[in-house]
Amino acid sequence: MAAPADASLTTLFDARRLWRGRARPTQADGIPTGLAALDDALPQGGWPPTSLSEILLPMDGVGELQLVLPALATLASRDRPVMLVTPPYLPGVAGWSARGLDMRHVVIVQAASSIETLWAMEQSLRSAACSAVLGWPPQADDRALRRLQVAADTGQTPAFVFRDRRHVEHASPAALRIELETRPAPQLRVRKCRGAQPPAHPVPLPRRGA
């Protein structure tokens, strides 16, 4: 009498002669980005909820905040505000409010140096008192980024760091790295996403004002 098929499979698994793949969870735990194509491209179905995301830019003011606003509008609350550390320009109250973000739940910190910016980000993340922490450090080496990654995990808080695209060639401890391109058309390239291979093709972005 032949052995049941499931028994044979169990034997192969135990002998490590057969690889057991892991399907993507049916309920992803990522924070929705507001872009269905980007959510589909990311292994958690959105922004990592307790990790560092690095957004690489050709310059400031190319729509990078529009990219994160849907998530911030979902996360921000009176008890756990969004923290912005050393933004290059102040957010537009009318525009942010129109996107569903209550500006009473946004805290802005202006730091005098990269060291102070990184310190403020790390302490905010570790405190678990913020719903999200965003920072624009002029300089940040691998060690500094790793500290932010650990702090995000410790405080169970999503972190976003905005940096110049010239750093794209350098390794980074961030769980997610996305490069925002403006030419020939607005689009995103996922350069790194922990838990999966980055998609081969860019994710198109709607033009600003569209």
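Things to note:
- Likely footprinting exposure, Met83, Met103, Met59, Met121, fewest C-beta neighbours within 10 Å first: Met59, Met103, Met83, Met121
- Between the residues Val62, Leu75, Leu101, the greatest Cα displacement towards the positive end of the dipole of the range 51-204, with unit charges on the Cβ of Lys, Arg, Asp and Glu, is found for Leu75.
- Mean separation of Cα contacts under 8 Å, 6 or more apart, over the residue count of the range 170-210: relative contact order %: 32
- Extension gain from Arg165 to Asp79, taking 0.36 nm per residue of separation minus the Cα-Cα distance: 27.6 nm
- Per residue, the convex hull around the alpha carbon atoms of the range 51-204 comes to 111 Å³.
- Translational diffusion coefficient (Stokes-Einstein; Kirkwood radius from C-alpha pairs) of the range 53-101 at 10 °C, 1.306 mPa s, in µm²/s: 133
- Label point distance in nm, Val107-Asp29, each placed 7 Å from Cα along Cα→Cβ: 2.5
- Rounded to whole Hz, the Karplus (6.51, -1.76, 1.60) HN-Hα couplings of the range 144-155, x for glycine and proline: 5, 5, 5, 5, 5, 4, 5, 5, 4, 5, 5, x
- Test item: Cα-centred dipole of the range 51-204, Lys/Arg +1 and Asp/Glu -1 on Cβ, debye: 240
- Sites listed here are chymotrypsin sites (Phe, Trp or Tyr not before Pro) in the range 46-153 whose DSSP assignment is loop and whose Cβ has at most 11 other Cβ atoms within 10 Å: Tyr89.
- Cβ-Cβ FRET estimate between Ala128 and Asp60, R0 fixed at 22 Å, reported to 0.05: 0.15
- Candidates Gln139, Gln187, Met121 compared by Cα position along the dipole of the range 104-191: farthest toward the positive end lies Gln187, with charges placed on Cβ.
- Spacing of the two label points (7 Å from each Cα toward its C-beta) at Arg99 and Trp119, in nm: 3.0
- Antiparallel bridges, percent of DSSP beta bridges restricted to the range 51-204 (to nearest 5): 30
- The range 55-80 versus the range 165-199: alpha-carbon centroid distance in Å: 16
- Chain lengthening between Ala36 and Gln197 when straightened (0.36 nm per residue, less Cα-Cα): 56.1 nm
- The loop-placed trypsin sites (Lys or Arg not before Pro) in the range 108-210, going by DSSP, that have at most 12 neighbouring Cβ atoms within 10 Å of their Cβ come out as Arg207, Arg208.
Laboratory data are not the source of any read-out in this text; all were calculated from the coordinates shown. Worth saying up front: this structure is predicted, and the values here are computed from it rather than measured. Note that we place each Cβ from the backbone using ideal geometry, even for glycine, and neighbour counts take in every protein chain shown.
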